[in-house]
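Trainee: Structure below; questions to follow.
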Amino acid sequence: MSNLPHVVDVTTDNFETEVLQKSLQVPVLVDFWATWCGPCKSLGPILEKLAGEYGGAFVLAKVDVDQQQQIAAAFQIRSVPTVFLLVGGQPVDAFQGALPEGQLRQFLQQHGIQPLAGAEAAEADAAPLDPHEEVLRLRQAVQAEPDKEELKLDLALALLRTGAADEAGKLLDALPANLAADDRAVRARARLGFAALLKDAPAQAALERAVAADPDDHAARHLLAVHQLVGGDSAAGLENLLELLRRGRDYQDGLAKKALIDAFRVVEDEDLVGQYRRKMASLLF
C-alpha cells in the first residue's frame, strides 16, 4: 500500500470512500495502471510527485487494473495508463498515455487545481534527499524484494547521483526489456555517457573554484555542468552549458551545443528543457 502523502491505493472495498466520497471534498485523479505497463512506470512517479507537491489540492487514487478488474470494467478501461478526474462524485475529464510533467500541470490548471497555500514553500523547505542515504535505502529495499525490478531501476538512478556509474550501468544492463525501454532507463543511459566524462575529472568544488577564478575556463565549466547534471541539479547544469555556449561557441568544435542537446535527453523536467531550448535557439539564431 502507498504511504506517500495524498496518494491512496484503491480497491473495491475502499472505492466508495476514497474516490466517490472523497471527490465531494477535493478533486480525485484516478490512475489506472498495470505492473507490466512501461508508460505507467513513467507516469506514476510524476503523478505521485505532483500529489505531494500540491499538498492536498487533489488526491491521487491508484487502481491496479489486474487486481481491480471490477473497477476497471466500470470505467471501461481499454488501455493503460488512463487517468480520470472526478469532481463531485462524477468524472469530468480523462486522458490516456504518459503525459510529461508540464502537460500534467496544465491539465490540473485547466480544472482550477493549484497547489494549496504553503504547499510549494513546504516543498522548497524540505531537506533534499541525501543521495548516499537514498542508495542505502534502495539497497535494503532490493534485498527485501529482489524480484521487484522497478526497485533496481530506482537504485541505478540513485547510484548515478553518487557517481557510481559502473554499478549503475550493470543494473541497467540487467533490466528486463519492458523496463529497459522505460523513459527513466533511457535517460539513465544517456546520463551514463555524462558520468563517463567524470571518471578522471576534478571534484565539483574544485571546478566551481576554477570557474569563479576564470569564467572563460571552458574545460572547467563543461565538467562542472556535467557534475551538476549527473548529480541532479539540472537547472545549474543547463545554465553552465548555456554560458559555455555564450562564451565559447566554437570551443572544441561546438562542444557546448552538442552537450546541451545531450543534456536535453537527460533532464526529466520538460518545462525546464523547453526553457533552455528556447534560450539556446536565441543564442544560435
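Read-outs throughout are calculated quantities, based only on the coordinates presented, and are distinct from any laboratory measurement. Here the structure is a predicted model, which means the values were calculated and not measured. A quick note on method: Cβ atoms are made from the backbone with ideal geometry, for glycine too, and the neighbour counts reach across all protein chains shown.
Trainee: Roughly how big is the chain's charge dipole about its Cα centre, with Cβ charges of +1 (Lys, Arg) and -1 (Asp, Glu), in debye to the nearest 20?
Mentor: It comes to approximately 820 debye.
Trainee: While we're looking at this one, here's another question. Given charges of +1 on the Cβ of Lys and Arg and -1 on the Cβ of Asp and Glu, with all other atoms neutral, how large is the dipole of the range 199-285 about its Cα centre, in debye to the nearest 20?
Mentor: It comes to approximately 280 debye.
Trainee: Near the amide H of ALA94, under 5 Å away, which other amide H atoms are found, from residues 5 or more places off or on another chain, if H is placed in the peptide plane?
Mentor: Sorted by chain and number, the residues that satisfy this are LEU85.
Trainee: Between their Cα atoms, which of LYS49/LYS257; LYS41/LYS279; LYS170/LYS258; LYS257/LYS279; LYS49/LYS199 are more than 22 Å away from each other?
Mentor: Exceeds cut-off: LYS49/LYS257; LYS41/LYS279; LYS170/LYS258; LYS49/LYS199.
Trainee: For THR11, list long-range residues whose amide hydrogen, built 1.01 Å from N in the peptide plane, is under 5 Å from its own amide hydrogen.
Mentor: Answer set, sorted by chain and number: none.
Trainee: Please report the Cα spread of the range 14-163 along all three principal axes, rounded to whole Å, starting with the longest.
Mentor: Per principal axis, max minus min of the Cα coordinates gives 47, 37, 27 Å.
Trainee: Convert each backbone phi in the range 32-40 into a coupling constant with the Karplus relation 6.51 cos²θ - 1.76 cosθ + 1.60 (shift: θ = phi - 60°), then list the ³J(HN,Hα) values in order as whole Hz, x for Gly and Pro.
Mentor: Calculated HN-Hα couplings, in order: 8, 9, 8, 5, 8, 8, x, x, 4 Hz.
Trainee: Give the residue from ALA225, PRO215, ALA236 lying farthest towards the positive end of the charge dipole for the range 181-270; charges sit on Cβ (+1 for Lys and Arg, -1 for Asp and Glu) and the dipole is referred to the Cα centre.
Mentor: Farthest towards the positive end: ALA225.
Trainee: Each residue of the range 45-60 in order: what ³J(HN,Hα) in whole Hz does its phi give by Karplus 6.51 cos²θ - 1.76 cosθ + 1.60, θ = phi - 60°, with x for Gly and Pro?
Mentor: x, 5, 4, 5, 4, 5, 4, x, 5, 7, x, x, 5, 8, 10, 9
Trainee: Oh, and also: Based only on Cα atoms, what Rg/Rh ratio does the chain have, Rh being taken as Kirkwood's radius?
Mentor: Over the Cα atoms of the chain, Rg/Rh equals 1.01.
Trainee: Can you find, among GLY274, ALA94, TRP36, the residue farthest towards the positive end of the dipole of the chain? Put +1 on the C-beta of Lys and Arg, -1 on that of Asp and Glu.
Mentor: Of the options given, the answer is GLY274.
Trainee: Let me ask something else. Relative contact order, percent, of the chain when contacts are C-alpha pairs under 8 Å separated by at least 6 residues?
Mentor: Relative CO of the chain lands at 14 percent.
Trainee: Which residue, LEU20, ALA74, TYR54, has the largest displacement toward the positive end of the dipole of the range 1-117 when charges sit on each Cβ (Lys, Arg +1; Asp, Glu -1)?
Mentor: TYR54
Trainee: With runs of 4+ DSSP H residues as the only contributors, calculate the mean residue ellipticity of the chain at 222 nm using -39,500 (n - 2.57) per run, divided by the residue total and rounded to the nearest 500.
Mentor: -17000 deg cm²/dmol
Trainee: Around GLU145, with a cut-off of 15 angstrom between Cβ atoms, what is the net charge of the other residues, counting Lys and Arg +1 and Asp and Glu -1?
Mentor: Cβ neighbours under 15 Å give a net charge of 0.
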